[in-house]
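The structure appears below as structure tokens.
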Amino acid sequence: MLKLYSTQSSGNSYKVRLMLAKLGRPFELAEVDIFAGEHRTPEFLALNPEGRVPLLEADGRLLAESNAILFYLAEGTRFLPDDAFERAETLRWMFFEQNSHEPGIAAARFWLTQVRGGRDLRTHDVDRWMEEGYAALAVMERHLAHTDFFAADRFTIADLALYAHTHVAEEGEFSLAAFPRVRGWLGRVAADPGHVDMAWRPSVAAAERGELAQP
Ligand SMILES: N[C@@H](CCC(=O)N[C@@H](CS)C(=O)NCC(=O)O)C(=O)O
């Protein structure tokens, strides 16, 4: 069975929980409290030397990086196109998410709402997060003028990767008021079958039976 090391409030961990829920794959959820330092223990660093979640254990092998995990889980499913160009387009938007979107949008939410005293600790970064985050939202808004989804004209793991932090961007003090197409796309992603929210977790009993219980 798959085992996912995850932090419930982490957008990167949510990507993987959402993917597993949509696939209906049973998995064991191991909660790692990064706010209590559980990701920096010798035991966890032995699993992931980077000391970060999410981390997936599959058949005794370990895989870090949320988007790499999505790519692994999506193989052979409707979430990853077969066509080489469309696969590359999917990856293009997943790289965009990591390089241009997450560093502003996710960092603002993490430090401004999740870390006690985070605003004071990182005051000098707030303007940069806002600038980078709004630039990423503007790129998304422009792209969505031509298509309902980010790659291959259909729902893929690129949408899933971008959704995780965009749907909670307002928690990081971003306003989506000027981004109507992004708001419309958030609605389409949430309407795709099997969607679960960030609070969802599989029931332990169902996972032990090899089933995946929906909330
Ligand atoms: N690029 C990585 C980023 C992982 C990451 O930064 N995870 C955060 C939680 S969302 C974490 O573990 N933070 C604790 C730390 O970096 O000390 C991914 O997409 O998985």
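Number of residues in region 135-156 that are surrounded by fewer than 17 Cβ atoms within 10 Å (Cβ to Cβ) and in contact with a Gly (Cβ under 8 Å, 6 or more places away or on another chain) equals 1. Of all the listed residues (63, 80, 70), the sole one being touching a residue at least 40 places away in the same chain (Cβ under 8 Å), among the hydrophobic types (A, V, I, L, M, F, W, C) and within 12 Å of the ligand (Cβ to nearest atom) is 70.
Restricted to region 92-118, and to residues there that are under 14 Å from the mean Cα position of the chain (by Cα), open to solvent by 40 Å² or more (accessible area, probe 1.4 Å) and among the hydrophobic types (A, V, I, L, M, F, W, C), the residue that is farthest from the ligand (Cβ to nearest atom) is 95. Here region 27-50 is the region considered, the condition is being touching a strand residue (DSSP E or B) at 6+ places or on another chain (Cβ under 8 Å) and either open to solvent by less than 40 Å² (accessible area, probe 1.4 Å) or assigned to a helix (DSSP H, G or I) (or both), and the residue that is farthest from the ligand (Cβ to nearest atom) is 27.
So that you can scan it fast, the table gives a plain yes or no per residue for (1) modelled with pLDDT under 95; (2) of a type in the set (Ser, Thr, Tyr); (3) farther than 20 Å from residue 102 by Cα:
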position	(1), (2), (3)
145	no, no, yes
154	no, no, yes
157	no, no, no
214	yes, no, yes
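Looking at region 93-206, the helices (runs of 4 or more DSSP H) lying wholly inside it that each contain 3 or more residues that are on the phi < 0 side of the Ramachandran plot and aliphatic (A, V, I, L, M) sit at 102-109, 126-143, 157-166, 180-191.
The residue pairs whose first member lies in region 20-46 and is touching a residue at least 60 places away in the same chain (Cβ under 8 Å), whose second member is part of a helix (DSSP H, G or I), and whose beta carbons are closer than 6 Å, counting only pairs six or more residues apart or on different chains, are 26/207; 27/20; 28/207. In region 119-132, the residues that are hydrophobic (A, V, I, L, M, F, W, C) form Cβ pairs under 8 Å with partners that are open to solvent by 100 Å² or more (accessible area, probe 1.4 Å), at six or more places apart or across chains, as follows: 126/119.
The values are calculated or read from the model by the stated rules, or taken from the named source; none is laboratory data. Since the model is a prediction, treat every value here as computed from it, not as a measurement. When we count neighbours, we look across all protein chains shown, and the Cβ atoms used for this are built from the backbone with ideal geometry, even at glycine. Protein only, heavy atoms only, side chains kept; ligands, DNA and RNA dropped before computing areas. Shrake-Rupley method; radii C 1.70, N 1.55, O 1.52, S 1.80 Å.
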